[in-house]
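Trainee: Here's a structure for you.
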Amino acid sequence: MTAPVPPRPEYLTGARGCQAGGVDERYEPRLIDIAQDAGVTITFHDGHVARFDLERLRRGCPCAMCRGLRDRGEDAWPRPGSPRPLRIEDAHRHGAWGIVLVWNDRHDTGIFPFRSLREWDEGGDAFAPDSGLGGSEA
């Protein structure tokens, strides 16, 4: 599913957007392409294109549970009983600043901020260590 990103309020699968403050256009998507069996491609307003395959996204999930697993040296995916092949079942915008992916393993709590996705694509770390609420010792 490919969706041009209108100025607001909707894109992708019926998400409602609202903006509390300004968003740097460098981190604002112009187009998001969800290939449910392959990955996500985001084209930002300045023309930068970020591509992520499914396993990279699922393993790098930014939710507290997945970050806590990684902090303990465990994989966030696959977990025992994880369905194969991996697939995105749905996706929706989280406000003006991120996207939520719903996976076929029923995991849907990770909010992927557009800024973090761009920085990750440009060679930065995926997501910061867990805040401590996910069981890490950091």
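The values are calculated or read from the model by the stated rules, or taken from the named source; none is laboratory data. Computed from a predicted structure; not experimentally measured. Counting neighbours? That spans all protein chains shown, and the Cβs are built from the backbone with ideal geometry, glycine included.
Trainee: Taking the stated definitions as given, is Asp105 more than 25 Å from Val49 (Cα to Cα) and either in contact with a Phe, Trp or Tyr (Cβ under 9 Å, 6 or more places away or on another chain) or buried (at least 19 other Cβ atoms within 10 Å of the Cβ) (or both)?
Mentor: yes
Trainee: Right, something else. Considering each of Phe127, Phe112 in turn, give the residue that is assigned to a loop (DSSP other than H, G, I, E, B), of a type outside the set (S, T, N, Q) and out of contact with any Lys or Arg (no Cβ under 6 Å at 6 or more places or on another chain).
Mentor: Answer to the selection: Phe127.
Trainee: Next up: Take the residues in region 90-138 that are at pLDDT below 95 and of a type in the set (A, V, I, L, M); name whichever of them is nearest to the chain's Cα centre (by Cα).
Mentor: Ranking the candidates gives Ala126 first.
Trainee: For Arg79, only one of the following conditions fails: (1) over 10 Å from the mean Cα position of the chain (by Cα); (2) surrounded by 17 or more Cβ atoms within 10 Å (Cβ to Cβ). What is its number?
Mentor: (2)
Trainee: Only one of these is within 21 Å of Gly124 (Cα to Cα) and either among the polar types (S, T, N, Q) or modelled with pLDDT under 95 (or both): Gly68, Gly39. Name it.
Mentor: Of the residues listed, the single one that is within 21 Å of Gly124 (Cα to Cα) and either among the polar types (S, T, N, Q) or modelled with pLDDT under 95 (or both) is Gly68.
Trainee: Let me ask something else. Being within 18 Å of Asp53 (Cβ to Cβ) and in a loop (DSSP other than H, G, I, E, B) is the filter here, so list the residues in region 64-87 that pass it.
Mentor: Asp75, Ala76, Trp77, Pro78, Ser82, Pro83, Arg84, Pro85, Leu86, Arg87, listed by residue number.
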